[in-house]
Each structure stands twice: as C-alpha cells, then as structure tokens.
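Inspection log for the structure reproduced underneath, given as structure tokens.
The values are calculated or read from the model by the stated rules, or taken from the named source; none is laboratory data. The shown structure was predicted, so the numbers you read here are calculated from the model rather than taken from an experiment. Positions of Cβ are backbone-derived with ideal geometry, glycine not excepted, and every protein chain shown enters the neighbour counts.
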Amino acid sequence: MPGARGVHHGGMREILFDRFGGPDVLTLRTDSPRPTAGPGEVLVEVAYAGLNPLDYKIRDGSSARAEGLALPAGTGREMAGTVIGAGPDSAELDEAELASRGLAPGTRVFGMRGPGDDRGVVAEVIAIAADDLAPIPDAVEAEMLPRWAGLALAGLTAIATVRDTARIQEGQSVLVHGGSGGVGQLLIPMVLEAGAARVWATGRARNAERIRELGAEPIAYDEADWQREILAATDGEGVDVVLDTHYFSTFLPSLDVLRPDGLIVALPTLADLSPARERGIRAEIPQIVTGRDRLDHLVQGLRSGAYPLEASQVLPMERIDEAHRLLEDGHTRGKLVIDVRA
Ligand SMILES: NC(=O)c1ccc[n+]([C@@H]2O[C@H](COP(=O)([O-])OP(=O)(O)OC[C@H]3O[C@@H](n4cnc5c(N)ncnc54)[C@H](OP(=O)(O)O)[C@@H]3O)[C@@H](O)[C@H]2O)c1
C-alpha cells in the first residue's frame, strides 16, 4: 500500500551504520528494503525522528545496548509519523482492533521503541509494536510534529524520574541539572506538578530565560558558582532532591548541596553512584517504563501547554552526522529532530 506521501514497495531511505565509531559511520541508504510488520506490529510512515544522547552512545559502542547489536543497525528510538497498516500476519491487529486503539491507518502517531527493540527509526517506513504508539490529536498542526517526534523518550524518562524514582513530594526543594535539555524541559514542569515548593535548574546563561519560562529559578553555571548559589538560597541547608541530567561535572559537587536524607538521581544509565553511596547518600538511576497510559499523559501535557517541550533544531536525513555531533556536544536545547521526508 503506498503511504500518504507515496512511499512505494521498492527501496526506501534509511540511516544505517555497519560498524561502531564516530558520526561518520552513519550512512544514508536509498535502497533499504521496506520492513514487514510482525505480530502485534504496525507499519508507520515516519515524518520526524527525535534524537537522544543514547543514539550516539549506541553508535560509538559505549552503551550497554550496543552489546550484541546486529550490524548494520539503524539509529534513533522515537518518532512521529502516520500509520500505514498492520502486517499481513497480524491476526490480532485487525482493522477493528487498530481503530479501537485509535491507530487506524492514516492516523498520525508518536512513540518510542520498547526497551527490548533495537531497530532504528530514522527510515521512511518502520515496523513498530502498536503498544509503543499513541495517536496525535487531530487538531495538532503539521508544523508542531517535530515536538511530538521528540516527546516519547524524554517524556517517559521524566515520568520515570519524577514519579517512580525520585517520588517528588509536596513541599520539597529540587535542583535540576540541565534544565533546558530534552529531559530537563519536562522534568521542571513535572516536578512542579508534583508539588515541589522550590525548583532551581542549572544551564548556560543563554538558556536562563527558557528555564525561567518553564517555572524554575535559573542558575547560570557558566557565569556563577552554582554550588554557592544553591547554598545561599537554602540558608546553607541544601535541597531535598537533585535530578542530574548532566552527571559528568555535576554529580560529585551535588553531593555537597543535599540535605541530610537527600536523594540524588543521575540520568545516564552508566553513571557511577558509588561516591554517593559510600557517603551514605541515596542515589538512583531511573528506568523508563513504557505504556500507553504514560504516552497518553504526555499527549495531554503537550496539548494543554503544561509540558512545553521545544524542538530547537530540525535537520534533514543527510545531515545525520552533523546532528550526532551536536548531540555529543551536550548542549541541545529541547529536542534535536531529523526530518525524514527531507
Ligand atoms: N536513564 C534513562 O533511562 C535515560 C533516559 C533518557 C536520557 N538519559 C540520559 O540523560 C542525559 C540527558 O539527556 P537529554 O536528552 O536531556 O540530553 P540533552 O538534550 O543533550 O541535554 C543536555 C543538557 O545538559 C546541559 N548541560 C551541559 N553541560 C552542563 C553542565 N556542566 N552543568 C549543567 N548542565 C549542563 C545542557 O544545557 P546547556 O546547553 O545550558 O549547557 C543541556 O540542557 C543523557 O546522558 C541521557 O543519555 C537517561
């Protein structure tokens, strides 16, 4: 079946890499075979793919997820697109079932691959589990789609961090490192929603206004000593919780701005928590929980304006290497998105 923009049965455009390495290993193929949808899966014509630091860590082989990955491999884990239909063998996903999930062919959807699914998403057509998708409301304008492409992974991470791991309570004081990044832009509103009394967020001075718009008190780490600022703002007591999306240069100094009984949550999955635990400080790494209920919660948040995630840059497929260089720089504001149609 041709897709809405006329994707045909022949080869398709897809980003693949056949060895681990720098951004140059990513290649745009124009003759990739179209995937077939397996049981429980649908075919989706991708419009935009959201990028995440995990993408370069898989590409360079440093992520635990790179272990055993079959090469050549695709890249990217989240996207927005249009449902084409279920596979021919997908008995459980007949038209009625797809419609009952709001995923009838022609519906615009967003989502991310589940933890056990290593296939990429930067391709004209992907096969993906119907459970990993949610419909985008009809009223959403086409120019907003890049934000939806970048919503699922950062959003599910922020939910896991705030609800499951940090369990933010009414009245707590919270410091977020990296408040204007992909996850940070969702952490701030979710922490406030959970009832935090005061929220500070670090970022470069150029991102201070954005952090303030999101509802946190900005601390420009490139202009001020953030440790001193936090201690001054809390009468030397420190905060209840640190949510550390950056980790590298922030984790150790954060241990000195936590109240006794405080909690630090580091986002990178390979973060070494032992320096905290050796000092008797609680430290955790969140784990994404997928599920339609959580995706639907993100839909409401983006629609209502409660989660104003921005897509700051949209690059065409042939600039995927440049996009990965930007990701690796570690200063993405909101989300970096690939236009799969361009
Ligand atoms: N555990 C999980 O399941 C999970 C899920 C998703 C993501 N992650 C990890 O979480 C981390 C963040 O992901 P992301 O998508 O939010 O990344 P991102 O969009 O690239 O954001 C990076 C942020 O870090 C800030 N930053 C850079 N240097 C900093 C410093 N020295 N101090 C404070 N902030 C600094 C940047 O702000 P400035 O530009 O202002 O410096 C930017 O806001 C990554 O390591 C990612 O792999 C983990």
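A few points about this structure:
- Any chance residue 155 is buried (at least 24 other Cβ atoms within 10 Å of the Cβ) and either of a type in the set (Gly, Ala, Ser) or part of a helix (DSSP H, G or I) (or both): yes
- Of the criteria (1) more than 15 Å from the ligand (Cβ to nearest atom); (2) farther than 20 Å from residue 243 by Cα; (3) of a type in the set (Lys, Arg), which one residue 279 fails: (2)
- From 224, 166, residue being small (Gly, Ala, Ser), more than 10 Å from the ligand (Cβ to nearest atom) and surrounded by 24 or more Cβ atoms within 10 Å (Cβ to Cβ): 166
- All helices (runs of 4 or more DSSP H) inside region 224-342 with 1 or more residues being assigned by TED's automatic domain parsing to the domain that holds residue 66 and within 20 Å of residue 179 (Cβ to Cβ): 320-329
- Residue 267 fulfils the conditions (1) touching a Lys or Arg at 6+ places or on another chain (Cβ under 9 Å); (2) within 17 Å of residue 54 (Cβ to Cβ); (3) crowded, with 22+ Cβ neighbours inside 10 Å except for a single criterion, (1).
- Number of the exception - residue 76 against (1) at negative phi; (2) modelled with pLDDT of 95 or more: (1)
- Residue selected from region 14-57 under the condition assigned to a helix (DSSP H, G or I) and touching a Leu at 6+ places or on another chain (Cβ under 7 Å), by the criterion nearest to residue 341 (Cα to Cα): 55
- Condition met for residue 327 (within 25 Å of residue 192 (Cβ to Cβ) and surrounded by 20 or more Cβ atoms within 10 Å (Cβ to Cβ)): no
- Residues of region 122-135 that are closer than 15 Å to residue 46 by Cβ, touching a Ser or Thr at 6+ places or on another chain (Cβ under 8 Å) and not in a strand (DSSP E or B): 122, 132.
- Hey, residue 172 surrounded by fewer than 24 Cβ atoms within 10 Å (Cβ to Cβ), in the same structural domain as residue 230 (by TED's automatic domain parsing), in contact with a Lys or Arg (Cβ under 9 Å, 6 or more places away or on another chain) and not charged (D, E, K, R) or not: yes
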